[in-house]
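Everything on this sheet refers to the single structure shown next.
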Amino acid sequence: MVEDTSIPVLFRDYQWNTLGSFINGDPDLTPPNLMIQGYSGTGKTYTIRKFMESNTDVAYAWLQPIEVVSWKPLFQAIARSTQQALMEKFPNLQKTQYDPMAVEEPSFSVRYLTNLFSHYDSLPERVPLYIIYDGFDRLQDIDSQLLYKVLKLHELLPRHSKIVLKSVFIVRDISFVQRYSTNSLPLIIFPRYSIDEITELLILSRTQELINSNFMVLQLKTMEGLVVDVDLLEKLAINFIQLIVQSFQSYTGNDIFALNDLIDFKWPQYVKNINSTNIFDPLALYRATVKVFVSTSDGLLENEEILENEDISEVNQTYELSKISKYLLIAAYFCSYIEAKYDISIFSRRTTKAATTKRKKKEQNPRFLQPSFFHIERLLAIFQSIYPIESDIPKGSLASLKSDELMRSNVEVFQNLSELFSLKLIACTTAKNLDMLGHKIKWRVNVPWEIILEIADSVNFNIADFFSDIHE
Ligand SMILES: Nc1ncnc2c1ncn2[C@@H]1O[C@H](COP(=O)(O)OP(=O)(O)OP(=O)(O)O)[C@@H](O)[C@H]1O
Ligand SMILES: [Mg+2]
């Protein structure tokens, strides 16, 4: 991502104005310290940098405590950057340079700054010098005393000095601010952006960059002879950003950094699918690129690419249910579509060939009719007869006499049944005061043939066979 400096600061008018009254005011009247709090990505660094850039006459030093790690380099950084800022602001006033590395103790920095500021006593009026600590609470070895040392630094400097030291502390954590609440530091809060504000910020900051990116330029080259105006490209990129925010907001929350990363990551994949027809048809483009938005595709699996190419809907439909649920559903389907009088001949294990052939076949395929209601006992009985029990005991052995060949209706079975009900895959006659196992309630399957076929396939159960010999 490239930072574009021409973009204005949005949604931060209040913070901007408050900052203005602190920084542009009379240095004798404004407080010496200012606290700024806001969570990551709330635009603290961005807004304050912009503000400083737009007030070119203000002298300031920008420090990033996270880079200096511990307090000693922090004080050396204060020494180094104040000297640098003053020398740039008022050239030729300071004849000798001081060595910032000599500041080995917080107390040394008082002497250092006193000496440094004394060179500027010839200035006509008092001028403020701002030290901005961007991320003060992110210093590695921060302790509760460090902030006091910096807060009070200005008190130890000579009162008549023409340079007035002011500090701005940018922090993330509100509890850090509360720990020092007895100091009554003035505080500017940067609240989190709402999702609409985030969307607008992203559109503003990313659109131009996206349409001018290499991927886009190359993709446009593949559509030779096609004239595309900038408006259309802008719409395309805006649409893409909105889709990213809508699809991944539940992952990222309002984290602008994470959303920016996703935009960077997904744009090339999105652009790859653009061609000379769907570029003019947002709906077709969405259909062609929908895979980009269904997952973050940054999982740990290397072969995820392969998975992605498969039909996603099938994977979802058939693999979410447990094996028991699938058999229950198949049994429910049988109950609804096969008349009870055929049960014995179809599901009984003692069926002889003769019994099935004698039966008169129906003219109408029962699958074409409405599903009929059934009682739960029938469902459980059919389930028991179709559910395969895996046992490693060899058939005909003594142990096999004791082992159970049938799936008993246990708690697990009932749990799966209620899951099917809550998924609305099976329905029942009463919705109120539901006693799932009550004998008065009648049930009905709520799944069409195509889906039951898929479910049966996923457990290698040949459901079509059961229907083949009961109708013409
Ligand atoms: N008000 C805004 N107007 C325009 N762009 C913004 C605004 N706020 C944030 N941004 C964008 O969001 C990015 C992140 O903001 P920024 O770096 O200021 O966050 P931060 O509050 O300093 O977070 P951290 O605590 O992690 O340092 C910026 O680079 C900028 O592109
Ligand atoms: Mg920042």
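Quick note: the coordinates plus some simple rules give every number you see, no bench work behind them. All values reported here derive from a predicted model rather than from experimental measurement. Backbone-built Cβ (ideal geometry, glycine too); neighbour counts: all protein chains shown.
Subtracting the Cα-Cα distance of residue 107 and residue 378 from 0.36 nm times their residue separation leaves 88.8 nm of extension gain. Could you pull out the longest piece of the chain with no exposed loop trypsin sites (Lys or Arg not before Pro) in it, calling a site exposed if DSSP puts it outside H, G, I, E, B and it has at most 11 other Cβ atoms within 10 Å? That gives 160-348 as the longest site-free run. In order along segment 191-202, the phi-based Karplus estimate (6.51 cos²θ - 1.76 cosθ + 1.60, θ = phi - 60°) of 3J(HN,Hα) comes to x, 5, 6, 7, 5, 5, 5, 4, 4, 5, 4, 5 Hz; Gly and Pro are listed as x.
Each stretch of four or more DSSP H residues adds -39500 (n - 2.57); spread over every residue of the chain, this sum gives -15000 deg cm²/dmol at 222 nm.
Normalised by 2.2 N^0.38 Å, where N is the number of residues, the C-alpha radius of gyration of segment 187-294 stands at 1.13. The label point for residue 406 and the one for residue 159, both projected 7 Å from the Cα toward the Cβ, are 10.0 nm apart. Think of segment 141-203 as a dipole: +1 on every Lys or Arg Cβ, -1 on every Asp or Glu Cβ, centred on the Cα centre; then among 164, 181, 201, 164 lies furthest on the positive end. Given segment 95-244 reduced to its alpha-carbon atoms as identical point scatterers, what log10 I(q)/I(0) does the Debye formula return at q = 0.08, 0.11, 0.12, 0.22 Å⁻¹? Once normalised to I(0) and log-transformed, intensities are -0.50, -0.71, -0.75, -1.41. For the pair residue 415 and residue 291, label points projected 7 Å from Cα toward Cβ lie 3.6 nm apart. For segment 24-166, rounded, prolate or oblate, judged on the Cα gyration tensor with a ≥ b ≥ c (square roots of eigenvalues), a/c < 1.5 rounded, else prolate if a/b > b/c? Oblate, because a/c is 1.5 or more while a/b does not exceed b/c. 3J(HN,Hα) along segment 282-294: x, 5, 5, 5, 4, 4, 6, 10, 4, 4, 4, 9, 7 Hz, from the Karplus curve 6.51 cos²θ - 1.76 cosθ + 1.60 with θ = phi - 60°, whole Hz, x for Gly and Pro. How big is the charge dipole of the chain about its Cα centre, in debye rounded to the nearest 20, if each Lys and Arg gets +1 on its Cβ and each Asp and Glu gets -1 on its Cβ? I would put it at about 1680 debye.
Of all DSSP beta bridges in segment 32-172, what percent run antiparallel (nearest 5)? Here the antiparallel bridges make up roughly 0 percent for segment 32-172. At q = 0.19, 0.20, 0.30 Å⁻¹ the log10 of I(q)/I(0) for segment 35-86 amounts to -0.82, -0.88, -1.10, computed by Debye summation with a single uniform scatterer per C-alpha, solvent ignored. Sorted from greatest to least, the principal axis extents spanned by the alpha carbons of the chain come out as 119, 64, 45 Å. Over the chain, what relative contact order in percent results from Cα pairs under 8 Å that are six or more residues apart? Computed value for the chain: 14 percent relative contact order. Here the peptides 69-75, 35-41 are ranked by packing, the mean other Cβ count within 10 Å, and the order with the highest first is 35-41, 69-75. Net charge in the neighbourhood of residue 333 (other residues with Cβ under 11 Å of its Cβ; Lys, Arg +1, Asp, Glu -1) is +3.
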